[in-house]
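The values are calculated or read from the model by the stated rules, or taken from the named source; none is laboratory data. Computed from a predicted structure; not experimentally measured. Quick reminder, even Gly has a Cβ in these numbers, built from the backbone with ideal geometry, and neighbours come from all protein chains shown. These accessible areas exclude ligands, DNA and RNA; they are computed on the full protein's heavy atoms, side chains included. Shrake-Rupley method; radii C 1.70, N 1.55, O 1.52, S 1.80 Å.
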Amino acid sequence: MPPAKAGRPFERQSARRRRTNGRSIGSDWASTLRRTEPCSFEERTAKVVIVSVPWTQSLHLYWRPELRFYAKQADLLKQYEEQGVLRAFRIEEGFVDAQLFESRDRLTIKKDGVDLRLLSPRADPDRALEALDIAVKEVGPAFPRAVSASFQHIIEIDVDLDEAIKRGYGRILGDLPGRFNFGDWAVLTDVVVEGLDASGTIEFGIIRSDEAPMRLARLAGRAGEARQQSLARWQEEDFPDVAVFCDGVISGSLDSKTEGLAASATEFWNAARSAQESLADGLCAMLTADDLGRVEAK
């Protein structure tokens, strides 16, 4: 992709402390994996406080093909360039692919939808959603069809791998029958999101640091979408030695017109993310509590 001019206006909030679901997080992603809010436990369990931030997150909107897309490709890129957020771009017959901000968030606009991918825990979802809103308004889809959101969590737990696996059977999976010595585990399950007309699949389990890049690239595991990035993107990252991994894709329908489409998509994104964060935080709490008692969801 050819480089684009650098600039500032869209990036002002990145210099401040960002917010995720009302929780303030700093620029160092590792600091967000530690405790800031209490989780609710039965009285006999120790209090464990965990906050999760998605390592990757994506939002996909689908609509009936719009002819207007072909006339708006250059205008879209020009808007991002004028705001100083465009880092690279590519124009093909069926789509426009833009890399935005210093975090290189990926925005792909097509005749029948738009894909937004944030591939770093340091990415700022608020400004990325503002960029998506520009694309929706420019294309102006008359017939939105569906929305899906995807999140991948990697959350450090202060337990060694063997102990984490053992606790997983006692606290999460329960006591399984049979004369087996069970090893490493992962759970793939269908889900329906309470209070949201949406469903999907989530896979969660325990991973070592060397497994993390494969999971994020979706070269391992059975949940999520197709491979989303090159494995090399994450090979230089500093992952925790032992972590809970959670990969989910949630989908629903859209009935909003263009005027409210971005707002409806943002509401869906926030609700789906909050649901998965609740699961990820709860799993970590169950694995790190001092007592074997059952952890209650907050």
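To put it simply, the accessible area of region 93-164 at a 1.4 Å probe is 41 percent carbon and sulfur. With the simple spin-label model, which puts each label point 7 Å out from Cα in the Cβ direction, the GLU92 to MET214 separation comes to 2.8 nm. Note that region 127-221 presents 48 Å² accessible area per residue, ligands and nucleic acids not counted, probe 1.4 Å.
The magnitude of the dipole of region 144-284, with charges of +1 and -1 set on the Cβ of Lys/Arg and Asp/Glu and taken from the Cα centre, is near 500 debye.
Computed about its Cα centre, the charge dipole of region 99-196 is approximately 400 debye, with only Lys, Arg, Asp and Glu carrying charge at their Cβ. Evaluated with a Cβ-only charge set (Lys, Arg +1; Asp, Glu -1), region 160-217 carries a dipole of roughly 220 debye about its Cα centre, given to the nearest 20. Placing pseudo-labels 7 Å out from each Cα toward the beta carbon at SER230 and ASP175 gives an inter-label distance of 5.2 nm. Put a dot 7 Å past the Cα of ASP184, heading toward its Cβ, do the same for GLU237, and the two dots end up 1.7 nm apart.
Computing FRET efficiency as 1/(1 + (r/R0)^6) for LEU161 and ASN270, where r is the C-beta to C-beta distance and R0 is 30 Å, gives about 0.35. Fully extending the segment from LYS78 to ARG104 would add 7.6 nm, taking 0.36 nm per residue of separation and subtracting the current Cα-Cα distance.
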